[in-house]
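Beneath this line is the structure, given in C-alpha cells, with notes to follow.
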Amino acid sequence: MDKQHLWDETWLQFADMMAVRHSKCASKSVACVIVKDEKPISIGLNGTPPGHTNCNEIFLKRDDGFYKRAEYVSANTVDLLETPVSFIHDGVTYIKCSDPYDHHNWSKQHEIHAEINAIGKLAADSTNAFGATAYVTHSPCHACSLALIASRVARVVYAVGYEHGDGLDLMRESGIDVVHMPLEKSFKNTL
Ligand SMILES: [Zn+2]
Ligand SMILES: [Zn+2]
C-alpha cells in the first residue's frame, strides 16, 4: 500500500470513529477532519450549535422510522383518531413521527453539517484550509461542496455515498481531487 493511501485510510478511519462516537444526530453520524501538512487542523461533526438541544435529545431512530420525545410533539400533529405508536425508553415517552421527513425538516433548520462546522472552526482562528485534504465520512452535499470549494481545499476523501451528495462533480470541475475510499471496519492492535 502506498504512503498516501495509508495516510488517507488512517485519517478517514479517524473521521469515522469521531462520527460514530461523538455525533449527536439521531439519523446519521458524520464527521469531517481537515488535514494540512500532515496535521489535523479542524474536526467538525454534524449537529446543532453549542448550547442548543441536540438532535438525539429530541429524536430517536428505530428500524421502523423516527420517534420523537413526547414533549416535542405538538398536539395538532397527532392524529386524534388513531392511537399514536409510542414506547418508553429510559423513563422517557417517545411517539412515532407520522411524517417520515420530520427529522429531515428539523435537521435542515437546526443542524450544521460536519464540513461547515470544520470550516467554521478554521474561520475562528488563524489557520486556513488552503491546499488541505478534507476527510469526510459521507460524500458532501451540494452546499458543503460549495463551501469546500470556497475554502480552497485540494482534496476530498470520503467513505460512503450520501443520498444527497450531489456535489462531487462540482468539486471535480473546480479542480479538487475527489477520492472515494470505502472503509474496512475493525482496525485493532492485537497484542
Ligand atoms: Zn439529526
Ligand atoms: Zn452538507
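For Thr127, the criteria (1) within 17 Å of the chain's Cα centre (by Cα); (2) in the same structural domain as Asp8 (by the TED database) hold in every case but one, which is (1).
Within 16 Å of ligand 2 (Cβ to nearest atom), touching a residue at least 12 places away in the same chain (Cβ under 8 Å) and not in a helix (DSSP H, G or I): does that describe Ile34? Considered against the rule, which asks whether it is within 16 Å of ligand 2 (Cβ to nearest atom), touching a residue at least 12 places away in the same chain (Cβ under 8 Å) and not in a helix (DSSP H, G or I), Ile34 comes out as yes. For the stretch 65-80, the criterion of a residue being closer than 30 Å to Thr127 by Cα, in contact with a strand residue (DSSP E or B) (Cβ under 8 Å, 6 or more places away or on another chain) and either touching a residue at least 12 places away in the same chain (Cβ under 8 Å) or not hydrophobic (A, V, I, L, M, F, W, C) (or both) is satisfied by no position. Go through the residues of the stretch 69-88 one by one and say whether even a single one is among the β-branched types (Val, Ile, Thr), crowded, with 19+ Cβ neighbours inside 10 Å and more than 24 Å from Tyr162 (Cβ to Cβ). Taking every residue of the stretch 69-88 in turn, at least one turns out to be among the β-branched types (Val, Ile, Thr), crowded, with 19+ Cβ neighbours inside 10 Å and more than 24 Å from Tyr162 (Cβ to Cβ).
With respect to Lys3, is the statement that it is basic (Lys, Arg) and buried (at least 21 other Cβ atoms within 10 Å of the Cβ) true? Spelling it out, it is not the case that Lys3 is basic (Lys, Arg) and buried (at least 21 other Cβ atoms within 10 Å of the Cβ). The residues listed here are Ser151, Ser98, Ser139; of these, the one that is out of contact with any strand residue (DSSP E or B) (no Cβ under 9 Å at 6 or more places or on another chain) and of a type in the set (Gly, Ala, Ser) is Ser98. With the requirement that a residue be part of a loop (DSSP other than H, G, I, E, B), within 15 Å of ligand 2 (Cβ to nearest atom) and over 18 Å from Trp11 (Cβ atoms), what does the stretch 124-151 give you? The answer is Cys141, and nothing else. For the stretch 152-177, residues that are surrounded by fewer than 20 Cβ atoms within 10 Å (Cβ to Cβ), outside any loop (DSSP other than H, G, I, E, B), within 15 Å of ligand 2 (Cβ to nearest atom) and over 13 Å from the mean Cα position of the chain (by Cα) total 2. Taken as a whole, the structure leaves Ala15 outside the set of residues that are touching a Phe, Trp or Tyr at 6+ places or on another chain (Cβ under 6 Å) and assigned to a loop (DSSP other than H, G, I, E, B).
Residues that are among the hydroxyl-bearing types (Ser, Thr, Tyr) and assigned to a helix (DSSP H, G or I) within the stretch 87-123 comprise just one, Ser107.
The values are calculated or read from the model by the stated rules, or taken from the named source; none is laboratory data. Keep in mind the model is a prediction, meaning the values are calculated, not measured. We place every Cβ from the backbone using ideal geometry, glycine too, and count neighbours over all the protein chains shown.
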